[in-house]
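Notes to accompany the following structure.
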């Protein structure tokens, strides 16, 4: 992987790792468009979360794996209410995908530190499908 691509990916992640405004923007784009909403919920104190943020996500961004998604990061400590709405009582890190199918939002999640290959497989196929109420789960 070229260094320039990695630096661009890290810069792009730093921009999306800004919190509520980034989540709000990604959510609004998902509501208005065709791309699914992909959210990474992490915490600063969580070593597996930091591995995801510093290793897995930049590698995927360098490969443009998230280009077909509205991607946002939410920090559990900085945005506790939003994070808890998204993950409930399940732990972090958690990657959550909301896709619109037949007029309703379908929610899938992947919990724990993951490799880039696992995340690519997760976003590439539908499994662990659960129907979510978009107002309660992702709306404001």
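The values are calculated or read from the model by the stated rules, or taken from the named source; none is laboratory data. All values derive from a computational prediction rather than experimental measurement. Cβ: placed from backbone, ideal geometry, glycine included. Neighbour counts: every protein chain shown.
Please verify whether residue 136 is modelled with pLDDT under 90, in contact with a helix residue (DSSP H, G or I) (Cβ under 9 Å, 6 or more places away or on another chain), within 23 Å of residue 25 (Cβ to Cβ) and in a loop (DSSP other than H, G, I, E, B), treating the condition exactly as stated. Full working, then the answer.
On the way: modelled with pLDDT under 90: yes; in contact with a helix residue (DSSP H, G or I) (Cβ under 9 Å, 6 or more places away or on another chain): yes; within 23 Å of residue 25 (Cβ to Cβ): yes; in a loop (DSSP other than H, G, I, E, B): no.
Considered against the rule, which asks whether it is modelled with pLDDT under 90, in contact with a helix residue (DSSP H, G or I) (Cβ under 9 Å, 6 or more places away or on another chain), within 23 Å of residue 25 (Cβ to Cβ) and in a loop (DSSP other than H, G, I, E, B), residue 136 comes out as no.
Would you pick out the residues in segment 1-57 that are at pLDDT 50 or above, closer than 25 Å to residue 100 by Cβ and part of a helix (DSSP H, G or I)?
Of everything in segment 1-57, those that are at pLDDT 50 or above, closer than 25 Å to residue 100 by Cβ and part of a helix (DSSP H, G or I) turn out to be 22, 23, 24, 25, 26, 27, 28, 29, 30, 31, 32, 57.
Kindly provide the set of residues from segment 58-74 that are crowded, with 16+ Cβ neighbours inside 10 Å and not in a strand (DSSP E or B), ordered by number. Before you say what the answer is, go through the steps one by one.
Of all residues in segment 58-74, those crowded, with 16+ Cβ neighbours inside 10 Å come to 58-62, 65-66, 69-74.
Hits for segment 58-74 are 58, 59, 60, 61, 62, 65, 66, 69.
Please give the number of the condition residue 96 fails out of (1) touching a strand residue (DSSP E or B) at 6+ places or on another chain (Cβ under 9 Å); (2) at pLDDT below 90.
Only one criterion in (1) touching a strand residue (DSSP E or B) at 6+ places or on another chain (Cβ under 9 Å); (2) at pLDDT below 90 is unmet by residue 96, namely (2).
Quick one: residue 110 ticks every box in (1) at pLDDT 90 or above; (2) in a helix (DSSP H, G or I) bar one, so which box is it?
Result: residue 110 passes all but (2).
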